[in-house]
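Structure first, then comments.
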């Protein structure tokens, strides 16, 4: 694992762990104000919205722009009442069913302030970040298919 240097970005699979993300949040000088940490972990689903069986996913991004977008989302959401930190870390590479794809962490004074921000962070990264996935699936008729999609479509 590598040392976390940013609080938002895209990372090659296997280069960042969940404990590292949480530890980085706890290193913040304002952590003394914190009463809660909320976390969203996006994982590879075994079935897509069409009912096809997912075999694996490949994720790619326009990395420079994705990091910029994720950083801007985090900076924007940190301005909300009671929020101390927001982190969005999306992974790139090849993933099997059940593997982690994204960590979204919101840290703040009280749980009531955190849950709406966590949901907004997830919805915004899905809508705004240029992250693309190639689904490898087997459809209901047993035919293997491979196609590109975006986070916006899932």
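The values are calculated or read from the model by the stated rules, or taken from the named source; none is laboratory data. Values in this document were obtained by computation on a predicted structure and should not be read as measured data. Virtual Cβ from ideal backbone geometry, glycine too; neighbours counted across all protein chains shown.
Overview of results
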{"read-out": "Hits in segment 60-80 - residues which are closer than 15 Å to residue 119 by Cα and free of Cβ contacts under 8 Å to residues at least 40 places away in the same chain", "value": "76, 78, 80"}
{"read-out": "Selection from segment 21-40 of residues that are surrounded by 15 or more Cβ atoms within 10 Å (Cβ to Cβ) and either within 16 Å of residue 147 (Cβ to Cβ) or in contact with a helix residue (DSSP H, G or I) (Cβ under 9 Å, 6 or more places away or on another chain) (or both)", "value": "25, 34, 36, 37, 38, 39, 40"}
{"read-out": "Residues of segment 30-59 satisfying the condition of being part of a strand (DSSP E or B) and under 24 Å from residue 118 (Cβ atoms)", "value": "36, 37, 38, 39, 40, 41, 42, 43, 57, 59"}
{"read-out": "Candidate set: segment 41-54, residues that are buried (at least 16 other Cβ atoms within 10 Å of the Cβ) and modelled with pLDDT of 95 or more; chosen: the one nearest to residue 99 (Cα to Cα)", "value": "44"}
{"read-out": "Residues of segment 103-154 satisfying the condition of being outside any helix (DSSP H, G or I), over 23 Å from residue 34 (Cα atoms) and touching a helix residue (DSSP H, G or I) at 6+ places or on another chain (Cβ under 9 Å)", "value": "129, 130, 131, 132, 133, 150, 154"}
{"read-out": "Residue 57 under 14 Å from the mean Cα position of the chain (by Cα) and either free of Cβ contacts under 8 Å to residues at least 12 places away in the same chain or surrounded by 14 or more Cβ atoms within 10 Å (Cβ to Cβ) (or both)", "value": "no"}
{"read-out": "Residue 142 at positive phi and in contact (Cβ under 8 Å) with a residue 24 or more places away in the chain", "value": "no"}
